[in-house]
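Read the structure below first, then the notes.
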Amino acid sequence: MAVIQTGNTLPGILELLYYKSESGRALSNLAHTILHGRSDIPKGDRELIAAFVSYRNGCEFCHDSHSASEACHNGKDFRDRDFTEYVKERRREEKIDVLLEIAEATRKDVAPLRQDLVARARQAGLSDAAIHDAVLIAAAFCMYNRYVDTLGTRRAEAAEYSEMGVRLSQKGYKYPPWFLVSFVKKLLTGRFGKAA
């Protein structure tokens, strides 16, 4: 349960999204747009950026949920892999290596991307739109990670991440319409919530 009283026991960002529906809707729709909307970066690779930034920021909930979603997009089981080794393996792909370097630069510094990194991204075949999307995903996940961890939300149970990964990879992140919010909150509490 978060350090504030939210009135629900959902894990991670779910607790906060259903605490204040106005901000919850905006944050959910942003995540849906950057991870499931149109992009020159495949959905699974966008999830990898989100998982990587969350891992580097030490946000376990965001790392595990987005790692599970990335695995579903790529037909893998995230529980059967060591994330650090998986990232090393994926970084053998030039595009992935550059995308993750862009994500790390965005995570670490509030400064323009180095021109050599931009040139390397273009040389690897990444469009300016892909560079933009990588920066936006990394920046957004710095915010999401801080939101989740600063307010002290709880991690989900280990087994729950697989189900989250399937749901997120298939349905995305859209917030339910206002008339379904209470129903969805109860449904999620039944799946992921703990007794207060």
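The values are calculated or read from the model by the stated rules, or taken from the named source; none is laboratory data. For clarity, every value in this text was computed on a predicted model and none was experimentally measured. FYI the Cβ positions are ideal-geometry reconstructions off the backbone, even for glycines, and counts take in every protein chain you see.
Summary table
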item: When residues of region 7-31 are limited to those that are surrounded by fewer than 18 Cβ atoms within 10 Å (Cβ to Cβ) and in contact with a Lys or Arg (Cβ under 7 Å, 6 or more places away or on another chain), the one farthest from R155 (Cα to Cα); result: N29
item: Region 108-139, residues that are touching a residue at least 24 places away in the same chain (Cβ under 8 Å) and surrounded by 20 or more Cβ atoms within 10 Å (Cβ to Cβ); result: L126, A130, I131, D133, A134, I137, A138
item: Test set (1) surrounded by fewer than 16 Cβ atoms within 10 Å (Cβ to Cβ); (2) under 13 Å from H66 (Cα atoms); (3) at pLDDT 95 or above - N145 fails condition number; result: (1)
item: Subset tally (residues that are in contact (Cβ under 8 Å) with a residue 24 or more places away in the chain and buried (at least 17 other Cβ atoms within 10 Å of the Cβ)) for region 161-175; result: 8
item: Qualifying positions in region 142-176 - in contact with a Ser or Thr (Cβ under 7 Å, 6 or more places away or on another chain) and closer than 18 Å to C72 by Cβ; result: Y161, M164, G165, L168, S169, Y173, K174
item: In region 97-135, the residues that are under 19 Å from R38 (Cα atoms) and among the polar types (S, T, N, Q); result: S127
item: Single residue of region 66-81 satisfying the filter (more than 11 Å from the chain's Cα centre (by Cα) and part of a helix (DSSP H, G or I)) that is surrounded by the fewest Cβ atoms within 10 Å (Cβ to Cβ); result: D80
